[in-house]
1. Could you please find all residues in region 108-163 being assigned to a helix (DSSP H, G or I) and of a type in the set (S, T, N, Q)?
2. Name every residue in region 115-166 that is of a type in the set (D, E, K, R) and touching a residue at least 24 places away in the same chain (Cβ under 8 Å), in order of residue number.
3. Here is a list: Leu244, Leu219, Leu260. Which entry is under 16 Å from Leu195 (Cβ atoms) and touching a residue at least 40 places away in the same chain (Cβ under 8 Å)?
4. Can you find even one residue in region 113-124 that is surrounded by 18 or more Cβ atoms within 10 Å (Cβ to Cβ), touching a helix residue (DSSP H, G or I) at 6+ places or on another chain (Cβ under 8 Å), hydroxyl-bearing (Ser, Thr, Tyr) and closer than 17 Å to Leu94 by Cα?
5. Working only within region 268-295, note down all residues that are surrounded by fewer than 20 Cβ atoms within 10 Å (Cβ to Cβ), in contact with a Gly (Cβ under 9 Å, 6 or more places away or on another chain) and not in a helix (DSSP H, G or I).
6. Filter region 1-45 for residues that are small (Gly, Ala, Ser), open to solvent by less than 20 Å² (accessible area, probe 1.4 Å) and outside any loop (DSSP other than H, G, I, E, B) and give the result.
7. Tell me which of these Trp62 doesn't satisfy, since it passes every other one: (1) open to solvent by less than 50 Å² (accessible area, probe 1.4 Å); (2) out of contact with any Phe, Trp or Tyr (no Cβ under 8 Å at 6 or more places or on another chain).
8. Yes or no: region 264-276 includes at least one residue that is at pLDDT below 95 and either touching a Cys at 6+ places or on another chain (Cβ under 9 Å) or of a type outside the set (S, T, N, Q) (or both).
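The values are calculated or read from the model by the stated rules, or taken from the named source; none is laboratory data. In this text the structure is predicted, and so the values were computed from the model without any measurement. We place every Cβ from the backbone using ideal geometry, glycine too, and count neighbours over all the protein chains shown. The accessibility values were calculated without ligands, DNA or RNA, using every heavy atom of the protein model including side chains. Shrake-Rupley method; radii C 1.70, N 1.55, O 1.52, S 1.80 Å.
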Amino acid sequence: MSLLISAKVPTTGTLPEALGIGEMAASLERAGFDGLWVSDHVVMPERIDSPYPFAPDRKATWATDVAWYDAIVAMAMIAGATSRAHINVAVLVLPLRHPVELAKQVASIDVLSGGRTGLGVGAGWLKEEFDALNVPFETRGGRLDEWMALLRSCWSGRPAAFDGQHYRLPAGVLCLPAPAQPPPILVGGTSRAALRRAGRLGDGWVAHDSVDAIDLDELRAGVAEVRGAAAEAGRDPEAMRMVLRLVGTAERLGETAAALKALAAAGVHEVVVDTPWTDAGDSRRAHDLLREAAG
């Protein structure tokens with residue numbers, strides 16, 4: 001199976017308003033990217049005290065006072081502006097969303113886009129965000145498990161009655177439209193709990209790394225953990241999709257291209273990159289460089 005080369009559509013900062021989310025997505029699709037991904041947070045604190053799991057020093061250093069456009073709204077805009085590329089998010093903080101309402105939103109986008117959506121989901125790491133939305137941070141793992149089950153049940157169109165620890169759905173509810181096929185749910189995170197959840201309950205894993213600090217041994221170990229958990233749960237380990245969200249690529253496309261074959265050998269099926277946005281040809285040049293390197 002050839003490595004899929006996908007791109008992040010910017011949904012933070014000034015580019016969404018200056019260039020347009022739909023316009024950027026259409027440009028990336030025309031350039032040839034296989035998938036179009038967005039990111040997610042609902043709110044940001046003025047100062048982040050929570051440990052950031054994706055940095056060696058556990059510190060988030062970005063400015064928080066920038067516009068961060070809603071992931072589901074962005075996915076709908078992308079769906080309306082494109083016709084081929086699949087549409088996903090890395091990763092949606094699922095415990096912060098209302099599960100039945102989210103199921104309706106994703107089903108609507110999926111049906112109207114011709115079955116092109118998926119969800120990368122995670123338990124979340126930013127306690128300040130949970131506090132702001134009045135969701136107990138300590139319950140996020142249990143909510144994530146329940147919400148994943150509820151999403152799939154709702155996507156059937158006729159969900160079964162659900163009586164969970166965090167949510168109750170009565171019998172006799174219709175959730176329409178129903179996708180022709182349930183959108184795939186990939187689980188993000190690097191903890192052992194996240195990796196095992198990806199194998200037990202998800203359709204695969206969304207890993208996260210920086211192009212200047214790729215750890216192939218850690219990546220291979222994560223892939224093995226996901227597949228092992230899938231096998232223990234009686235699921236097909238080879239059916240698990242492995243996606244790597246690779247940050248810092250816009251300024252380091254050469255390094256990114258040089259790493260692609262090693263990433264594929266480590267078990268990655270799809271790489272999601274950042275692309276430059278300095279002129280109209282950036283997307284095409286970035287895609288062509290990466291596609292040629294991937295082979």
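1. Those that are assigned to a helix (DSSP H, G or I) and of a type in the set (S, T, N, Q): Ser108, Thr139, Ser153.
2. The initial filter retains those residues of region 115-166 that are of a type in the set (D, E, K, R), namely 116, 127-129, 131, 138, 140, 143, 145-146, 152, 158, 163.
Scanning region 115-166 gives Arg116, Lys127, Glu128, Glu129, Arg140, Arg143, Asp145, Glu146, Arg152.
3. It is Leu219.
4. Yes, region 113-124 contains at least one residue that is surrounded by 18 or more Cβ atoms within 10 Å (Cβ to Cβ), touching a helix residue (DSSP H, G or I) at 6+ places or on another chain (Cβ under 8 Å), hydroxyl-bearing (Ser, Thr, Tyr) and closer than 17 Å to Leu94 by Cα.
5. His269
6. Within region 1-45, Ser6, Ala7, Gly22, Ala25, Ala26, Ala31, Gly35 qualify.
7. (1) is the only condition that Trp62 fails.
8. The initial filter retains those residues of region 264-276 that are at pLDDT below 95, namely none.
No, region 264-276 contains no residue that is at pLDDT below 95 and either touching a Cys at 6+ places or on another chain (Cβ under 9 Å) or of a type outside the set (S, T, N, Q) (or both).
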